Amino acid sequence: METILVNYEGHVATITINRPKALNALSTQVLTELNEALTEVENNKEVYALIITGAGEKSFVAGADIAEMKDKNVEEAAVYGKFGNEVFRRIETFRCPVIAAVNGFALGGGCELAMSCDIRLASENAVFGQPEVGLGITPGFGGTQRLARTVGVGIAKEMIYTARNIKAPRAAEIGLVNRVVALEELMPTAMKMANGIAANAPIAVANAKKAINNGLQTDIESGVAIEVEEFSNCFATEDQTYGMTCFLDKVKEKSFSNK
Ligand code: CAA
C-alpha cells in the first residue's frame with residue numbers, strides 16, 4: 001500500500017493515512033487502501049483496539065480529494081460518496097473500538113473520518129470543520145448524519161451552513177472530541193487508552209459497542225432489548241467466568257483469553 005501504513009504493537013493496531021504532500025486528503029486510492037487495511041486488521045484476531053491517525057505534524061486528513069472531485073459528474077460523485085460512506089461505516093461498526101488520534105486538520109472528509117471512530121483525541125493544533133458548502137457541495141462522507149448525532153443538531157447546522165472551522169478547545173467544548181493534548185502526547189495518550197481498552201474482555205467490549213451503536217438508532221424499549229441480548233451473550237464466554245472469578249478470588253492482574 002502506498003498511502004496507508006499499518007503497525008501492530010501488542011493488541012493494538014495503528015492505521016496511518018500517509019499522503020502528507022496532500023495533507024492526507026482522501027483520494028480514491030487512499031480510500032481503497034484504507035479499506036484493504038481495515039480488512040487486514042479485522043482478520044488479525046490479536047487486535048483488540050485500533051487507532052487511526054494521519055502522517056506528519058500538520059494534518060489528520062484535510063478532506064476528500066478536491067482535485068479528484070472537481071470534474072466528477074452526478075453519477076461519478078454518487079459512486080465516490082457511496083464508497084467513502086461504506087468505508088466509514090465499516091469503521092463505525094468495526095469489531096473492536098477505534099480511536100481517532102487527530103493530529104492537525106480534520107476538515108470535510110477528515111472530520112467525517114474522525115466521527116466514524118468511537119473516540120476522538122485531538123492535539124492542540126487540531127482544526128475541525130465541514131467546509132463543503134464553500135466548495136459548492138454538501139458534506140459527503142457522513143457529515144450531515146454524524147455531526148448532528150455527535151454535537152447536536154443546532155451546532156451541527158451552524159458548522160455546516162457557515163463552513164467555519166473550529167479549533168481543538170471548541171471541539172472539546174461541544175463534545176466533538178473527548179480530550180485535547182499536546183501534539184507530542186497525542187500518540188502516547190491514544191496508545192495508553194487503546195491498551196486500557198485491550199486489557200478488558202474483548203468480547204464484552206465488542207458487545208458493548210454493538211449495544212451502544214445499535215441502541216442509539218432506535219427507541220429506548222428496543223434499545224434495552226438490544227442491551228439484554230448483548231449482556232446475556234457475554235455469559236456464554238470463558239472471559240465472563242474468568243473475570244468474575246478473578247474478582248471473587250481478589251486477583252488483580254487479569255489476562256482475558258478472548259473466548
Ligand atoms: N484535496 C486535495 N488536495 C488538498 C486538499 C484536499 N482536500 N487539502 C490540501 N490539499 C493539498 C493542496 O492542494 C496542496 O497541494 P500543492 O502543494 O500541490 O499545492 C497541499 O495539500 C498543501 O495544502 P496547502 O498549501 O493548502 O496548505 P495550507 O497549510 O496553506 O492550508 C488547509 C491547509 C487549510 C487545510 C488547506 O489545504 C485547505 O483548506 N484544504 C482543503 C480543506 C477542505 O476544503 N476540505 C474539504 C474537502 S471536500 C470533502 O471533504 C467532501 C466530503 O465530505 C466527502
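Every number here is computed from the coordinates shown, using simple stated rules; none is lab data. Note that the structure is a prediction, hence the values are computed from the model and not measured. Please note: Cβ atoms are built from the backbone with ideal geometry, for glycine as well, and neighbour counts cover all protein chains shown.
Projecting the Cα positions of Val47, Thr150, Leu34 onto the charge dipole of the chain (unit charges on Cβ atoms of Lys, Arg, Asp and Glu, taken about the Cα centre) puts Thr150 furthest along the positive direction. Only alpha carbons enter this Debye calculation for the range 1-145, each as an equal point scatterer, and the log10 of I(q)/I(0) it gives at q = 0.09, 0.11, 0.17, 0.20 Å⁻¹ is -0.24, -0.36, -0.88, -1.22. When Rg and the Kirkwood Rh are both derived from Cα coordinates, the Rg/Rh ratio for the range 215-259 amounts to 1.16. Mean projection of the Cα convex hull over all viewing directions, computed for the range 172-217: 4.2 nm².
Using the alpha carbons of the chain, what is the convex hull volume per residue in cubic angstrom, as a whole number?
On the way: hull volume 35.5 nm³, N = 259.
For the chain, the hull spanned by Cα atoms encloses 137 Å³ per residue.
What Kirkwood Rh does the range 81-125 have if only Cα atoms enter the pairwise 1/r average? Answer in Å.
Details: mean 1/r = 0.0925 Å⁻¹.
Over the range 81-125, the inverse of the mean reciprocal pair distance is 10.8 Å.
When you restrict to C-alpha pairs under 8 Å that are six or more residues apart and normalise by the size of the chain, the relative contact order lands at 16 percent. Applying a DSSP loop filter and a limit of 13 other Cβ atoms within 10 Å to the GluC sites (Glu not before Pro) in the range 166-259 leaves Glu253. Within the chain, antiparallel bridges make up roughly 25 percent of the DSSP beta bridges whose residues both belong there. Each part gets one Cα centre, and for the range 215-230 versus the range 1-65 those centres are 32 Å apart.
Using a cut-off of 12 Å between beta-carbons, work out the net charge of the residues near Gly175 (Lys and Arg +1, Asp and Glu -1, Gly175 not included).
Working: positive: Arg120, Arg149, Arg170, Arg179; negative: Glu173.
Residues near Gly175 contribute +3 overall.
Relative contact order of the range 169-241: what whole-number percent is it, with Cα pairs under 8 angstrom and at least 6 residues apart?
Relative CO of the range 169-241 lands at 23 percent.
Only helices enter the 222 nm calculation for the chain: every DSSP H run of n ≥ 4 contributes -39,500 (n - 2.57), and dividing by all residues gives -15000 deg cm²/dmol, rounded to 500. Here the range 179-258 is treated as an ellipsoid with the same Cα gyration tensor; its semi-axes, largest first and in whole Å, are 26, 23, 9.
What is the range 118-179's relative contact order, in percent, from Cα pairs under 8 angstrom and six or more apart in sequence?
50
With the cut-off at 28 Å, tell me which of the pairs Lys21/Lys157; Lys72/Lys167; Lys167/Lys192; Lys82/Lys157 have Cα atoms farther apart than that.
Numbers: Lys21/Lys157 31 Å; Lys72/Lys167 31 Å; Lys167/Lys192 24 Å; Lys82/Lys157 22 Å.
Beyond 28 Å between Cα atoms: Lys21/Lys157; Lys72/Lys167.
Computed on the Cα atoms alone, the convex hull of the range 91-174 gives a volume of 78 cubic angstrom per residue. Residues whose amide H falls under 5 Å from that of Gly54, counting only those 5 or more places apart or on a different chain, are Ile17, Asn103, with hydrogens built in the peptide plane.
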